[in-house]
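Step one of this worksheet: look at the structure below.
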Amino acid sequence: MTLRDRYIAALDGALAQAALLIAVVIRLSALAVVAFAVPFVWRKFSEPALALVLLAGLALCTCVVLLIWRRAGMVTRAGLAVDIPMGPAAMLANASITPYWPQGWSFFTFPYTVLLSLTLGMAVRSALGAVLAGLTWSGGYTLAVSVFHHVDPVATLGVVPGYVAYTVIGWAAVRAQRRADAEIVEARRREVTSATQLAVERERHRHVRALHDRILQTLEALAYSDLITDQNQREVVRSRAAWLRRLVETEATPVGNDLHRVAEEARAAGLSVDLHDRRLRAERPNEKNLAVLAGAARTLLLSLADHNQAVVVRADIDDAKVLLTILVTRGTTPPDAESVVRARETLIAAGGGLLLEPDPYAELWVPA
């Protein structure tokens, strides 16, 4: 695993831990509330010792669920295997030791399960699951008070919205957090990727500067000085210097080579070409469209090569298109009409276009 992968994995873990901490606080708070309230309603139980047993059972279930979450490192559905049956069972047991209705805090499993329904919703993965979980616990409440206190089930329907609302709120909160977490992780991923690419680009530029300043300038100085008297050796040095300059200018990237091959071919045909495509090489456009653009540029440049002219070629890119401009800086002869038509048709077929001005000046573009 790379450093980048470890960084993103650590971020994912931190976000999951935040949700886990919230769920743990809710569960422990609910348990603390009922543990605090039970001593104040001690005399209302028909069997006070059983109330302590029930409270201990709730504490045990909480410990089991927290252990499951801790091992998973997050709030998981595995805890539902304990929570789903625990709620109705606890309310049935609680109703059996409260001799009258309404029970108030003596029926402490009711406020306890209402608070816990938030964490129940956090564990499910769908809105339907949240609704069913809330209906299960509200059904447990209805069953408990109907069996032990003969309350009309219709009179207990008022608790259904509370249970369902809490479970849905818990589910919706975690769902919103997951979406936000995914966006944060993706933003961090892009940031790390961008930083990595920037570091690579800086290292490449450092190497290019070293080649240019220490080797290329030396070769070019030798190629055009009188230190080498043998003409064949001079041509070899010039050839090596030209190759190294092309390497430095393109930074050995395929994107740069597309247009540079066209420029070299035009120079070989007699046209002076000054090519500026650093922005294009940094952005890396669609290679197929770039090949089309290079082919159209080749058609125009070769049509100018027979007239002892000089041109400046600039390449740029934005979100929508790759733009290539050709400006004739020496000479006034425009490209021949046939070459213009062929280049325009090639570009239009790729979704681009060509604009020719009488300067002569041309703009060629294709989708990025």
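The values are calculated or read from the model by the stated rules, or taken from the named source; none is laboratory data. Just so it is clear, the model here is predicted, and its values are computed rather than measured. Neighbour counts are summed over all protein chains in view; Cβ atoms, including those assigned to glycine, are modelled from backbone coordinates with ideal geometry.
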Quick check: is even one residue across the stretch 91-103 within 18 Å of TYR166 (Cα to Cα), in contact (Cβ under 8 Å) with a residue 24 or more places away in the chain and not small (Gly, Ala, Ser)? yes
Taking ALA315, is it at pLDDT 85 or above, crowded, with 19+ Cβ neighbours inside 10 Å and touching a Ser or Thr at 6+ places or on another chain (Cβ under 7 Å)? no
State which residue is modelled with the highest pLDDT when the search covers only the stretch 250-282 and only residues that are among the hydroxyl-bearing types (Ser, Thr, Tyr) and more than 16 Å from LEU304 (Cα to Cα). THR250
Residue match in the stretch 141-160 (condition: crowded, with 16+ Cβ neighbours inside 10 Å and under 13 Å from LEU118 (Cβ atoms)): no
Only one of ALA173, ALA165, ALA133, ALA180 is loosely packed, with under 15 Cβ neighbours inside 10 Å, closer than 25 Å to ARG27 by Cα and under 43 Å from the mean Cα position of the chain (by Cα); which? ALA180
I'd like the full set of residues that are among the basic types (Lys, Arg) and at pLDDT below 75, limited to the stretch 224-249. ARG245, ARG246
Residue satisfying condition, being under 24 Å from VAL75 (Cβ atoms) and among the polar types (S, T, N, Q), within set GLN233, GLN217, GLN197, GLN177: GLN177
Can you pull out the residues in the stretch 111-123 that are touching a Phe, Trp or Tyr at 6+ places or on another chain (Cβ under 8 Å) and either buried (at least 24 other Cβ atoms within 10 Å of the Cβ) or among the small types (Gly, Ala, Ser) (or both)? THR113, SER117, LEU120, GLY121, MET122
If HIS207 satisfies every condition in (1) modelled with pLDDT of 80 or more; (2) loosely packed, with under 14 Cβ neighbours inside 10 Å but one, which is the exception? (1)
Could you check, for the stretch 63-70, whether at least one of its residues is among the aromatic types (Phe, Trp, Tyr), surrounded by fewer than 17 Cβ atoms within 10 Å (Cβ to Cβ) and in contact (Cβ under 8 Å) with a residue 24 or more places away in the chain? no
